[in-house]
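Engineer: One structure follows; several queries about it will come next.
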Amino acid sequence: MKKGRFEYLGVLVLVVAAVVVALQFLQPGAPPISWVIRIAALMGYFCIFGAIVTSAYLRQMVRWFGRPFLKVHHTLSIAGLVLVTIHPLAVAWQALSLRVFIPAVDSWYSFFALGGRPAWYLLGVGALAAVLRGVIGKKWRLLHALNYLAFWLATVHGILIGTSVQNWAMRLVFGAMALGVLAVFVQKRISTRRRD
Ligand code: HEM
Ligand code: HEM
C-alpha cells in the first residue's frame, strides 16, 4: 500500500481549519465559547461533507490518499461526529441547559432554524447503523442514508442561524455543498441499481 498520501487529507483539513478560524475574526469581540461553538460547527460540517463525498469515490480513495475508502471515511466521519457533538455541548454550556438537545416543533421555522438538533440524532442513528451493520443486515444502508437528511437539515440550520453564514459567500458555499451531497445521493442510487 502506498504510504504518505494520507497526509494530503491532513493538509486539506488544516487549510479548511485556517479558513474557518480566519472567519471568526470577522466577528471581533465574540466570547471564547462562541469561537468553540462556531469552529466546532463549521469543521464538523465540513468533515461530514467529506465523509459523504468519499462514499462516492470508493476506488479513487486508494489512488488519492493511499488508504482504502473505509479508512478515509472513518477518519472524516469520526472527526465530524466528535466536532458536531462538541458544538451543541458548548451551546448547552452557554445556555446552562440541556434543553438545546430537544428538537423544536412549535413552528416549521424553528424546526428548521434549530434543525441541528434533529440532525444530531439522525447522524447518531446513521453511524450506529454502520457500526452494527453485521447485526442489522442489508437494511443498514437505509438507516445510514439518514446521513443525507442530517446534512441537509444542518445546512438549513447553519444558513438560518449561523453567525458566520450570514453573508452571501458562505451561503453560496453551503448551498453548493448541499447540491454536491444531492449529486452523491443520486449517483449512489444509480450505481447501486446498476449493480443489482
Ligand atoms: C458522520 C458520519 C457518517 C456519514 C455522514 C456517512 C455517510 C455515508 C454516505 C452518504 C454513504 C453512502 C450511502 C448510500 O448512498 O447508500 C456511506 C457509505 C458507507 N459508510 Fe458511512 N458515514 C458515516 C459514518 C460511517 C461509519 C462510522 C462507518 C463504519 C463503521 C461507515 C461505513 C460506511 C460504509 C461501509 C459505506 C458503504 C460504502 C459502499 O459500499 O457504498 N460510515 N456513508
Ligand atoms: C443539539 C444539536 C445542535 C444545537 C443545539 C445547535 C445549535 C447551534 C447554534 C445555537 C448555532 C448558532 C451559533 C452562532 O452563530 O454563534 C449553530 C450554528 C451552526 N450549527 Fe448547530 N446545533 C446543533 C447541531 C448541529 C449539527 C449536528 C451540525 C452539523 C452537522 C450543526 C452545524 C452548524 C453550523 C454549520 C452552524 C454555523 C456556525 C457558524 O455560524 O459559524 N449544528 N448551531
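Engineer: Can you find a residue in region 105-117 that is more than 26 Å from Ile33 (Cβ to Cβ) and within 12 Å of ligand 1 (Cβ to nearest atom)?
Structural biologist: No, the conditions are met nowhere in region 105-117.
Engineer: Sticking with this structure for a sec: Can you spot a residue in region 54-67 that is under 22 Å from Thr155 (Cβ atoms) and at pLDDT 95 or above? It would help to see each step written out before you state the result.
Structural biologist: So the first thing to find is which residues in region 54-67 are under 22 Å from Thr155 (Cβ atoms), and the list is 54-57.
With the extra rule that they be at pLDDT 95 or above, the set shrinks to none.
For region 54-67, residues under 22 Å from Thr155 (Cβ atoms) and at pLDDT 95 or above: absent.
Engineer: Sticking with this one: Which residue is farthest from the chain's Cα centre (by Cα), if the candidates are limited to region 20-37 and must be exposed (fewer than 12 other Cβ atoms within 10 Å of the Cβ) and part of a helix (DSSP H, G or I)?
Structural biologist: If we take residues in region 20-37 being exposed (fewer than 12 other Cβ atoms within 10 Å of the Cβ) and part of a helix (DSSP H, G or I), then Pro32 is farthest from the chain's Cα centre (by Cα).
Engineer: Sticking with this structure for a sec: Could you list all residues from region 1-19 that are surrounded by 13 or more Cβ atoms within 10 Å (Cβ to Cβ) and of a type in the set (A, V, I, L, M)?
Structural biologist: Of all residues in region 1-19, those surrounded by 13 or more Cβ atoms within 10 Å (Cβ to Cβ) come to 5-6, 9, 12-13, 16-17.
Answer for region 1-19, where residues must be surrounded by 13 or more Cβ atoms within 10 Å (Cβ to Cβ) and of a type in the set (A, V, I, L, M): Leu9, Leu12, Val13, Val16, Ala17.
Engineer: Residue pairs, Cβ under 9 Å, 6 or more apart or interchain, first in region 142-161 and more than 10 Å from ligand 1 (Cβ to nearest atom), second among the polar types (S, T, N, Q). List them.
Structural biologist: Close Cβ pairs satisfying both conditions: Gly158/Ser164; Ile159/Gln166.
Engineer: I would also like to ask the following. For region 38-51, check the following and say yes or no: at least one residue is closer than 17 Å to Val131 by Cβ and in a helix (DSSP H, G or I). Steps first, please.
Structural biologist: First pass over region 38-51, keeping only residues closer than 17 Å to Val131 by Cβ: 48, 51.
Then keep just the ones that are in a helix (DSSP H, G or I); that gives 48, 51.
Taking every residue of region 38-51 in turn, at least one turns out to be closer than 17 Å to Val131 by Cβ and in a helix (DSSP H, G or I).
Engineer: Follow-up. How many residues are touching a residue at least 24 places away in the same chain (Cβ under 8 Å), assigned to a helix (DSSP H, G or I) and closer than 19 Å to Ala183 by Cβ if we restrict to region 52-67?
Structural biologist: Kept after step one, since they are touching a residue at least 24 places away in the same chain (Cβ under 8 Å), are these residues of region 52-67: 52-53, 55-56, 62, 64-67.
Within this subset, residues satisfying the condition of being assigned to a helix (DSSP H, G or I) are 52-53, 62, 64-65.
Narrowing further to those that are closer than 19 Å to Ala183 by Cβ: 52-53, 64.
Total satisfying the criteria: 3.
Engineer: Among the helices (runs of 4 or more DSSP H) contained in region 133-173, which hold 2 or more residues that are within 8 Å of ligand 2 (Cβ to nearest atom)?
Structural biologist: On the way: elements: 133-136, 140-144, 146-161.
Here the list reads 146-161.
Engineer: Hey, does region 25-34 have a residue that's without any contact (Cβ under 8 Å) to a residue 24 or more places away in the chain and within 16 Å of ligand 1 (Cβ to nearest atom)?
Structural biologist: There is no residue in region 25-34 that is without any contact (Cβ under 8 Å) to a residue 24 or more places away in the chain and within 16 Å of ligand 1 (Cβ to nearest atom).
Engineer: Between a first residue in region 76-104 that is assigned to a loop (DSSP other than H, G, I, E, B) and a second residue that is of a type in the set (S, T, N, Q) and more than 9 Å from ligand 2 (Cβ to nearest atom), which pairs have beta carbons less than 8 Å apart while being 6 or more apart in sequence or on different chains?
Structural biologist: What qualifies is Ala104/Ser110.
Engineer: Return the residue satisfying two criteria in turn: it lies in region 118-133 and is more than 18 Å from Gly44 (Cα to Cα) and exposed (fewer than 15 other Cβ atoms within 10 Å of the Cβ), and of such residues it is nearest to ligand 1 (Cβ to nearest atom).
Structural biologist: Our first condition is that a residue be more than 18 Å from Gly44 (Cα to Cα); within region 118-133, this holds for 129-133.
Those still in the list that are exposed (fewer than 15 other Cβ atoms within 10 Å of the Cβ) too: 131-132.
Values: Val131: 5, Leu132: 9 Å.
The qualifying residue nearest to ligand 1 (Cβ to nearest atom) is Val131.
Engineer: With (1) within 13 Å of ligand 1 (Cβ to nearest atom); (2) surrounded by fewer than 20 Cβ atoms within 10 Å (Cβ to Cβ); (3) over 27 Å from Pro118 (Cβ atoms) as the list, and Met61 as the residue in question, which single condition is left unmet?
Structural biologist: Of everything listed in (1) within 13 Å of ligand 1 (Cβ to nearest atom); (2) surrounded by fewer than 20 Cβ atoms within 10 Å (Cβ to Cβ); (3) over 27 Å from Pro118 (Cβ atoms), Met61 misses just condition (2).
Engineer: Among the residues of region 141-155, count how many are of a type in the set (A, V, I, L, M) and surrounded by fewer than 18 Cβ atoms within 10 Å (Cβ to Cβ).
Structural biologist: So in region 141-155, the residues of a type in the set (A, V, I, L, M) come out as 142-143, 145-146, 149-150, 153-154.
Subset that is surrounded by fewer than 18 Cβ atoms within 10 Å (Cβ to Cβ): 142, 145, 149.
Counting residues in region 141-155 that are of a type in the set (A, V, I, L, M) and surrounded by fewer than 18 Cβ atoms within 10 Å (Cβ to Cβ) gives 3.
The values are calculated or read from the model by the stated rules, or taken from the named source; none is laboratory data. Please read these numbers as outputs of a predicted model, since none were measured by experiment. Don't worry about glycine lacking a Cβ; one is built from the backbone with ideal geometry, like all the others, and counts go over all protein chains shown.
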